[in-house]
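Read through the structure below, which is laid out as structure tokens, and then see the notes.
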Amino acid sequence: MLDDKLRVGVYGGTFAPVHNGHVDSAVAFMRQMKLDYLYIIPTCLPPHKEVDFADSPEERLRMCELAFSGIDGVIVSDMEIRRGGKSYTYDTLRELSGEDKKLFLLCGTDMVLTFDRWYRFEDILGMCYPAYVRREKDKILEGRIIAKITEYYNKYGVMFRRILTEPIEISSTDIRLAIKEGRDISGMVPPLVAQYIKERGLYV
Ligand code: ATP
């Protein structure tokens, strides 16, 4: 049953660049979890990966603003960029949490599989309702994901909810590669993002 707490979603990532898979998942997450609003939060420095591309946090933030402009209820936040250094979801949830709110966290399948390596992941599970979205059409990961989710449930009593979407099989890595190779990226990112990347000469 819905109570009167605000339902607030959190979707973080490097977003280098933000792409249609992110936008589509974010919209489905909002609808299916009946969120009052959703924070899109680009990391300052991602804790779990080395980056070998030259964009700035401000450019990644700007691309998120462009991608989500016109989508009601989305707040693109610079809180991790302002905080500086490595961006930990634990710190972000702490900053956003409050008595009047329920927090929902979205991640893609790759992140579900490695979630138990996140900084203070057990605390994170106590602070939010986690959800995941499939990135790939291939059923090959299905068994691993179900096993992992069952493991989290058995160990920590928390169930990851599934957000249902038709998977969009793209990654930011694909897009950066396409740009390097001079291929068209217009089907992969929102038009305003494509235009921004072109104007700034990003990822060439
Ligand atoms: P990279 O290729 O640079 O590793 P990425 O495409 O995985 O980037 P991130 O910014 O690292 O994008 O991802 C942020 C969040 O969005 C993560 O939880 C990730 O699992 C999820 N995500 C990324 N791509 C998709 C997609 N196509 N569909 C659904 N979720 C996605």
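The values are calculated or read from the model by the stated rules, or taken from the named source; none is laboratory data. Given the structure is predicted, the values throughout are model-derived calculations rather than measurements. In this analysis, Cβ positions are derived from the backbone assuming ideal geometry, glycine residues included, and neighbour counts consider all displayed protein chains. In case anyone asks, the SASA skips ligands and DNA or RNA and just uses the protein heavy atoms, side chains included. Shrake-Rupley method; radii C 1.70, N 1.55, O 1.52, S 1.80 Å.
Tabulated values for the structure
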{"quantity": "Sorted peptide list for 62-75, 191-204, criterion being average Cβ within 10 angstrom, highest first", "calculated": "62-75, 191-204"}
{"quantity": "Between the stretch 101-145 and the stretch 7-21, the Cα center-to-center distance that results, in Å", "calculated": "13"}
{"quantity": "Bins of 10 Å, starting at 0 and running to the largest distance - Cα pair percent for the stretch 6-169", "calculated": "10, 40, 40, 10, 0"}
{"quantity": "Computed FRET value (nearest 0.05) for Glu99 with Ile71, which takes r as the C-beta separation and R₀ as 25 Å", "calculated": "0.35"}
{"quantity": "Per residue accessible area in Å² of the chain, where ligands, DNA and RNA are left out and the probe is 1.4 Å", "calculated": "52"}
{"quantity": "Simple Cβ-charge dipole of the chain, Lys/Arg +1 and Asp/Glu -1, about Cα centre, in debye nearest 20", "calculated": "320"}
{"quantity": "Solvent exposure, largest accessible area first (probe 1.4 Å, DNA, RNA and ligands not counted), of Glu99, Glu59, Glu181", "calculated": "Glu99, Glu181, Glu59"}
{"quantity": "Radius 14 Å from Cβ of Asp36, net charge of other residues (Lys, Arg +1; Asp, Glu -1)", "calculated": "+2"}
{"quantity": "In range of the label at Asp116: residues from the stretch 159-183 whose backbone nitrogen is under 20 Å from the point 7 Å along Cα→Cβ", "calculated": "159-162"}
{"quantity": "Sulfur and carbon atoms: percent of accessible area, the stretch 6-169 [1.4 Å]", "calculated": "49"}
{"quantity": "Lysine pairs with alpha-carbon atoms under 23 Å apart, the chain, spacing 8 or more or separate chains", "calculated": "12"}
